[in-house]
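The values are calculated or read from the model by the stated rules, or taken from the named source; none is laboratory data. Please read all numbers here as calculations on a predicted model, not as lab measurements. Cβ sites come from the backbone with ideal geometry, for glycine too, and all protein chains shown count toward neighbours.
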Amino acid sequence: MSTNWRLGLGFSLVTAIMWGGLPIALKVVLGEMDSITVTWYRFSVSAVIAFFWYGRRSVDAIKRLLSRPLWPLTMLAIAGLLTNYIFYLTGLDRTTAEAAQILIQLAPLMLLVGSVWLFKEPFSALQWLGVIAITVGLLLFFHHRLRALANVDANYLIGMLLLLLAAATWACYGLAQKQLLKHVNANDLLLLVYIAGTLCFLPASSPSQILQLDSLGLTMLVFASLNTIIAYGSFGIAMTHWETSRVSATITIAPLLTLLFVFLSNALYPGFIQAETLDWMSWLGAVLVVGGSTLAALGNRR
């Protein structure tokens, strides 16, 4: 693995920006298409672009990924990302863009905890402080729903559970990818994931639903589909050039970007997207979640 902090930082920021805007695009598309079909389009578009872009150069690497020493990790990476997509999209459909991004913020923390457990990385007192900040931040962000827990929509609670599962499966993908990057390029692994997602979700999808989309919905679907290859390609490159902890810390700004994008969207076009009820405690909670995640990721470094 090469080390280039500029490339690591740059591609981590690209990942954060793409993930920050993704929930808004998906919320718009989910009004006209089901989650399986949206996911199939995202994987199929990425598979086609990746195949024509660098597919021929990935044949040998894909053979290595499917060989006996690596195939268990390969299957874990594929299953982790495919289930992450479904859990996240279904959870997003039942909640709001802001809530989804705040809860999915647990994914980098789970990735860090997994690295500590599997790779024996140290976990310092500052990192435990980060975990506490995340916990307090989540309570503050959802405080208005916790106060009225008995009246919270069951659909919303199910969505929150699905988002937690999405965070866990993403962490599994990240851990498997980190090990596989010792043997193959990130793009090679992602091409295999895109192909697997296209084949797995096709039987349950309804591609003809794209005909129901208006110009805005089609634009958002295109953005969401391109988001897949750009964001995960950038994430893989960042992991190749930078430490896991630093990449995880940088992408924690994605929830704040989502909050900003939702605010700007509704300011320019009132009612454009369903927004979470936010007061100063919710904003403080969001900042604590992001700050706690950053502290947890970097707390073991001098």
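Taking region 132-149 as the search range and keeping residues that are of a type in the set (A, V, I, L, M, F, W, C) and at pLDDT below 80, which one is farthest from the chain's Cα centre (by Cα)?
Among residues in region 132-149 that are of a type in the set (A, V, I, L, M, F, W, C) and at pLDDT below 80, the one farthest from the chain's Cα centre (by Cα) is A148.
Working only within region 222-255, note down all residues that are within 23 Å of G31 (Cα to Cα), β-branched (V, I, T) and surrounded by fewer than 22 Cβ atoms within 10 Å (Cβ to Cβ).
Correct list: V222 only.
Of all residues in region 251-282, which are closer than 18 Å to G137 by Cα and either in contact with a Ser or Thr (Cβ under 7 Å, 6 or more places away or on another chain) or free of Cβ contacts under 8 Å to residues at least 24 places away in the same chain (or both)?
I251, T252, E276, W280
Restricting to region 35-58, what's the tally of residues that are in contact with an Asp or Glu (Cβ under 9 Å, 6 or more places away or on another chain) and either more than 13 Å from V193 (Cα to Cα) or not in a helix (DSSP H, G or I) (or both)?
Residues flagged as in contact with an Asp or Glu (Cβ under 9 Å, 6 or more places away or on another chain) and either more than 13 Å from V193 (Cα to Cα) or not in a helix (DSSP H, G or I) (or both) within region 35-58 amount to 3.
Under the condition of being within 12 Å of A171 (Cβ to Cβ) and β-branched (V, I, T), which residue from region 69-113 is surrounded by the most Cβ atoms within 10 Å (Cβ to Cβ)?
Among those residues, the one meeting the criterion is I104.
Just wondering, is there one or more residues in region 92-113 that are in a helix (DSSP H, G or I), under 26 Å from F263 (Cα atoms) and among the β-branched types (V, I, T)?
Looking through region 92-113, at least one residue is in a helix (DSSP H, G or I), under 26 Å from F263 (Cα atoms) and among the β-branched types (V, I, T).
Scanning for something out of contact with any strand residue (DSSP E or B) (no Cβ under 9 Å at 6 or more places or on another chain), part of a helix (DSSP H, G or I) and crowded, with 17+ Cβ neighbours inside 10 Å, does region 147-154 turn up at least one residue?
no
Restricting to region 261-287, what's the tally of residues that are out of contact with any Gly (no Cβ under 6 Å at 6 or more places or on another chain), crowded, with 17+ Cβ neighbours inside 10 Å and either under 13 Å from A25 (Cα atoms) or charged (D, E, K, R) (or both)?
Total satisfying the criteria: 4.
When you go through F52, F87 one by one, which is the residue that is out of contact with any helix residue (DSSP H, G or I) (no Cβ under 6 Å at 6 or more places or on another chain) and among the aromatic types (F, W, Y)?
Step by step, each of F52, F87 is checked, and only F52 is out of contact with any helix residue (DSSP H, G or I) (no Cβ under 6 Å at 6 or more places or on another chain) and among the aromatic types (F, W, Y).
Within region 40-80, restricting attention to residues that are polar (S, T, N, Q) and in contact with a Ser or Thr (Cβ under 8 Å, 6 or more places away or on another chain), which residue is farthest from T258 (Cα to Cα)?
Of everything passing the filter in region 40-80, S44 is farthest from T258 (Cα to Cα).
Show the residue pairs that are 6+ apart or on different chains and have beta-carbon atoms under 6 Å apart, the first residue being within region 36-47 and surrounded by fewer than 24 Cβ atoms within 10 Å (Cβ to Cβ), the second being among the small types (G, A, S) and in a helix (DSSP H, G or I).
Y41/S225; V45/S225
Scanning region 15-34 for residues that are among the hydrophobic types (A, V, I, L, M, F, W, C) and not in a helix (DSSP H, G or I), which turns out surrounded by the most Cβ atoms within 10 Å (Cβ to Cβ)?
Out of the qualifying residues, it is M33.
Suppose we filter T258, T219 for residues that are of a type in the set (S, T, N, Q) and crowded, with 21+ Cβ neighbours inside 10 Å; which single one remains?
The match here is T258.
Considering S234, S208, which residue is in a helix (DSSP H, G or I) and either touching a Gly at 6+ places or on another chain (Cβ under 8 Å) or farther than 26 Å from I17 by Cβ (or both)?
S208
Just to be sure, is I158 modelled with pLDDT of 80 or more, surrounded by fewer than 23 Cβ atoms within 10 Å (Cβ to Cβ) and within 12 Å of the chain's Cα centre (by Cα)?
Criteria not met by I158.
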